[in-house]
Amino acid sequence: MSLRGFTTALGAAAISIQGAGFAAPAVSASENDAGGLEEVVVTAQRREESAQNVGIAISVLSGQSLADKSITNVVDLQNAIPSLQVEPAFGGGQPQYRIRGVGFLDYTSNNASPVGVSIDDVAFALPIQTQGQLFDIDRIEVLRGITHKWALSWVYELPRLSTDNGFIKTLANGWQWSGTYLAQTGQPVSILSGVDSNANDDSAGDRAILNPFGAGNTGTGVNFVCINAGGATSIAPASAGCPGGNASTAGYVAQNSSARYVQAGTGALSNLGRNTFGTPGMNIWNMSVLKNTKVTERFGFQFRIDAMNVFNHSNFSLAQPSVFQSGVILGTVNNALSSTYANVTADRFLDAKQFSGGARQMQIGIKLSW
């Protein structure tokens, strides 16, 4: 297989893939002859420029690098690119991308992910469109779009106490304090109508309508505007609909005219873009205290206490931690299409406190070594 022409870009977090026909020369002959550093030319910002001049975190893999690493499908990319996760949903048939923990978990093939992918400068909005093997790849560019993310880790070993008393020496020495801190902004989400607005027999991903004069983060459903054979109009509740069905539906009227987000009924056009609402961010402290004790030259043991979310701070966030964390330990979710959160008619629309927010977890451990 020839890997000669693929570039991939992932949205605010983006993957850009360039085919062989789009490939820009990465290094001139004179530069090679001079033995200088190779200049990496990227196009993820829709223009050819040196990777050194791109003011964002970016990873670039050339076609040769892909071949050397035996990368033949999109799932393999996560083994070579930092902060990129690719979940092979449905046996690999529908890859789901996450960058720095931001992405989504959804089973519907026509939902657009917060991580955008473009191939040869053409956007592939649906994850299912990127399934299968990669052929003729020139390079892959991955842009990490969560710019507001900060991670800190530390390890502090307490100074050793010099004493001739063996008991005090054993008790006072070998202590260590370590920890991590992670803070990041929230994941953007799309405000959804929860109905089949575009009449494609699938309500998933159909966005709502923005009322620029609406108040706060409020949402509302709509009532039907019906028209009879004589041309007279009337209002029918959403639960009943128009007597003549779609044929007698002239339009819709918001149930709450003061709401900022309005449901787009069947046939209505949304004026909201994708991922236009920013959800709450998160911050979490984890700490550990441990004591190493050497009993003999060969035998020793370690006693430790670990606390995750040590200050018991509730993170009502869709974001999942991906630095210094493993697994879901905060009780948060990362499904931006949660029907109880993003749908305008939900009782707790845009109420992040419907999620648990997580809680402090502690564990005590002993490790023996010999």
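The values are calculated or read from the model by the stated rules, or taken from the named source; none is laboratory data. Quick caveat: nothing in here was measured; it's all calculated off a predicted structure. Cβ coordinates were reconstructed from backbone atoms using ideal geometry, including for glycine residues, and neighbour counts include every protein chain displayed.
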Inset, instruction - Would you please name the residue that is farthest from Gln255 (Cα to Cα), looking only at residues in the range 194-241 that are surrounded by fewer than 19 Cβ atoms within 10 Å (Cβ to Cβ) and of a type in the set (Val, Ile, Thr)? - result: Ile227
Legend entry - Positions within the range 251-280 being within 22 Å of the chain's Cα centre (by Cα), surrounded by fewer than 17 Cβ atoms within 10 Å (Cβ to Cβ) and of a type in the set (Ser, Thr, Tyr), in sequence order: Thr276
Inset, instruction - Sort out which residues of the range 210-226 are in contact (Cβ under 8 Å) with a residue 40 or more places away in the chain and under 18 Å from Ala238 (Cβ atoms), and write them in order of number. - result: Asn211, Thr218, Gly219, Thr220, Gly221, Val222, Phe224
Inset, instruction - Kindly indicate whether any position in the range 274-283 is among the small types (Gly, Ala, Ser) and not in a strand (DSSP E or B). - result: yes
Legend entry - Answer residue from the range 339-370, given it is surrounded by fewer than 19 Cβ atoms within 10 Å (Cβ to Cβ) and under 13 Å from Thr279 (Cβ atoms) and is nearest to the chain's Cα centre (by Cα) among those: Ala352
Legend entry - Cβ pairs under 6 Å, 6+ apart, first in the range 230-245 and within 16 Å of Val195 (Cα to Cα), second among the aromatic types (Phe, Trp, Tyr) and surrounded by 11 or more Cβ atoms within 10 Å (Cβ to Cβ): Gly241/Phe224
Inset, instruction - Output the residues belonging to the range 161-190 that are at pLDDT below 90 and assigned to a loop (DSSP other than H, G, I, E, B). - result: Leu161, Ser162, Thr163, Asp164, Asn165, Thr185, Gly186, Gln187, Ser190
Inset, instruction - Go over the candidates Asp121, Asp68 one by one and state the one that is at positive phi and modelled with pLDDT of 70 or more. - result: Asp121
Inset, instruction - Considering only residues that are of a type outside the set (A, V, I, L, M, F, W, C) and crowded, with 18+ Cβ neighbours inside 10 Å, look in the range 281-290 and name the one that is farthest from Leu171 (Cα to Cα). - result: Gly281
Inset, instruction - Report the residue count in the range 292-320 for those that are touching a Gly at 6+ places or on another chain (Cβ under 8 Å), surrounded by 17 or more Cβ atoms within 10 Å (Cβ to Cβ) and assigned to a strand (DSSP E or B). - result: 1
Inset, instruction - Return yes or no: is Gln255 under 30 Å from Gly358 (Cα atoms) and either modelled with pLDDT of 90 or more or of a type outside the set (Asp, Glu) (or both)? - result: no
